[in-house]
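Since the structure comes first, as structure tokens, the remarks are kept for the end.
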Amino acid sequence: MIFTNKRIFVVNVQGITGKKVSYFSYPYSKVQYFGVETAGVMDIDSELSLAFTNGAVLQFDFKSHVDIKGICTMISKFYSLGMNISRKNQLNTGSFYI
């Protein structure tokens, strides 16, 4: 999984040999909402959920040493930037894209 300033790239390796690989790109501009479940006392993993305008929901598990709050802060920042760009497009073109 790769987080950029415009989208999230997900690489899914499948099969016994790992020869089947899927690549997915999810733009922040299509995120409806996201949530996080942090690791507890008995649970060592954190979970990040992202819901998109097309109905897709992605869930990612992170080990306890990963800064999940930092990832959420980054997503919020990039999501806000994407919304500001969309609003500017609405003012300039008369249309609104989410």
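Would you be able to say whether some residue in segment 27-40 is more than 21 Å from residue 11 (Cα to Cα), in contact (Cβ under 8 Å) with a residue 24 or more places away in the chain and basic (Lys, Arg)? No, because not a single residue in segment 27-40 is more than 21 Å from residue 11 (Cα to Cα), in contact (Cβ under 8 Å) with a residue 24 or more places away in the chain and basic (Lys, Arg). Exactly one residue out of 76, 86 is in a helix (DSSP H, G or I), of a type in the set (S, T, N, Q), farther than 15 Å from residue 37 by Cβ and at pLDDT 55 or above: that is 76. Identify all residues within segment 52-66 that are modelled with pLDDT under 85 and loosely packed, with under 12 Cβ neighbours inside 10 Å; write none if there are none. Passing the criteria: only 65. Residues in segment 5-26 that are out of contact with any helix residue (DSSP H, G or I) (no Cβ under 8 Å at 6 or more places or on another chain) and either at pLDDT below 85 or basic (Lys, Arg) (or both): 6 in all. Only one of the numbered conditions (1) under 13 Å from residue 79 (Cα atoms); (2) modelled with pLDDT of 90 or more is violated by residue 49, and that is (1).
The values are calculated or read from the model by the stated rules, or taken from the named source; none is laboratory data. The model shown is predicted, which means the values in this text are computed figures rather than measured ones. All Cβ positions, even for glycine, are placed from backbone atoms using ideal geometry, and neighbour counts span all protein chains on display.
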